[in-house]
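Just so you know, all these numbers are worked out from the coordinates, no wet-lab data involved. All of these numbers come straight from a predicted model, not from anything done at the bench. Virtual Cβ from ideal backbone geometry, glycine too; neighbours counted across all protein chains shown.
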Ligand code: URA
């Protein structure tokens with residue numbers, strides 16, 4: 001399946017009840033040629049309305065970290081574990097994540113990233129380890145098959161707790177450095 005086929009099949013998805021409450025699916029943002037991939041949790045209100053990941057308040061803050069790390073937001077690929085908004089932005093249920101994971105697996109297969117960055121605990125628990133502790137393990141790089149994987153704080157956690165911002169900047173600078181090293185290989 002190519003990108004357009006995958007996106008189309010996602011748009012028509014009715015595998016879980018979120019299909020009944022969504023405005024639309026939220027599939028991707030950025031470059032399909034990216035070697036750096038960010039994976040968030042699930043669309044929020046602004047994303048559900050626009051169909052684009054990370055365009056709301058958390059996304060706007062995240063854009064500032066991309067800029068601060070010298071990364072072009074159009075050069076990276078950004079998506080979510082869930083492609084549909086959970087009502088009132090509640091945490092995605094395990095069964096909703098299960099239903100949605102095949103889309104993300106296919107996105108990873110098509111992108112073939114060198115680095116995957118989980119944005120927040122939900123993505124890290126799903127993609128790195130179920131007992132992942134974001135406060136202890138953010139910014140740690142793990143090797144997983146063909147790519148490196150790490151996690152940073154979710155930008156909405158930074159909106160709630162500004163004391164995490166310094167660590168976020170450190171992690172983003174480290175990720176940008178690794179990415180530039182790998183891009184030159
Ligand atoms: N939070 C997420 O995890 N993803 C989005 O797309 C927006 C907010």
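Is the shape of region 1-74 rounded, prolate or oblate, going by the alpha carbon gyration tensor and its root eigenvalues a ≥ b ≥ c, with a/c under 1.5 for rounded and a/b larger than b/c for prolate?
On the way: a/c = 2.94, a/b = 1.44, b/c = 2.03.
Taking the square roots of the gyration eigenvalues as a ≥ b ≥ c, region 1-74 is oblate.
If a/c stays under 1.5 just call it rounded; otherwise compare a/b with b/c (prolate if a/b is bigger, oblate if not). Do that for region 96-185, with a ≥ b ≥ c from the square roots of the Cα gyration tensor eigenvalues.
Numbers: a/c = 1.97, a/b = 1.13, b/c = 1.74.
Oblate.
In this calculation the C-beta distance from residue 131 to residue 166 is compared with R0 = 30 Å, giving a FRET efficiency of 0.70.
As a proxy for reagent exposure, 168, 1 were ordered by neighbouring Cβ count within 10 angstrom, fewest first; the result is 1, 168. Against the main long axis of the alpha-carbon atoms of the chain, helix 57-68 sits at an angle near 30°.
Note on 104, 182, 82: ascending count of other Cβ atoms within 10 Å places them as 182, 104, 82, the fewest first. By the Cα gyration tensor, region 137-185 has an equivalent ellipsoid whose semi-axes, rounded to whole angstrom, run 24, 12, 7 from largest to smallest.
Counting Cα-Cα pairs of the chain in 5 Å increments starting at 0 gives whole-percent bin shares of 1, 8, 18, 23, 22, 16, 9, 3, 0, 0.
When the helices in the chain are scored as -39500 (n - 2.57) per DSSP H run of 4 or longer and the sum is shared across all residues, what 222 nm value do you end up with, to the nearest 500 deg cm²/dmol?
On the way: 9 runs with 85 residues, N = 185.
Using -39500 (n - 2.57) per qualifying helix, the result is -13000 deg cm²/dmol.
From least to most packed, judged by other beta carbons within 10 angstrom and beginning with the fewest, 48, 131, 72, 63 follow the order 131, 72, 63, 48. Working from label points 7 Å from Cα in the Cα-to-Cβ sense, the residue 75 to residue 140 distance is 2.9 nm.
Shown is the FRET efficiency for residue 177 and residue 2, computed with R0 = 35 Å from the Cβ-Cβ distance and rounded to the nearest 0.05: 0.60. Here's the picture: a label point sits 7 Å out from the Cα of residue 11 along the beta-carbon direction, and within region 25-67 the residues with their amide nitrogen under 17 Å of it are 25-30, 48-53. With axes computed from alpha carbons, what is the tilt in degrees of helix 165-183 against the longest principal axis of the chain, rounded to the nearest 10 within 0 to 90? Taking Cα atoms only, the helix is inclined about 90 degrees.
Antiparallel as a % of all DSSP beta bridges within the chain, to the nearest 5? Walk me through the numbers before you get to the answer.
Working: 5 of 18 bridges.
Antiparallel: roughly 30 percent of the beta bridges in the chain.
If you fit an axis through the alpha-carbon atoms of helix 94-111 and take the longest principal axis of the Cα set of the chain, what angle between them do you get, 0 to 90°, nearest 10? The two axes meet at around 60 degrees. For the pair region 1-24 / region 126-164, the C-alpha centres are spaced 27 Å from each other.
Among 160, 32, 73, the residue with the largest mean-square fluctuation in a Gaussian network model of the chain, with springs joining Cα atoms closer than 10 Å, is 160.
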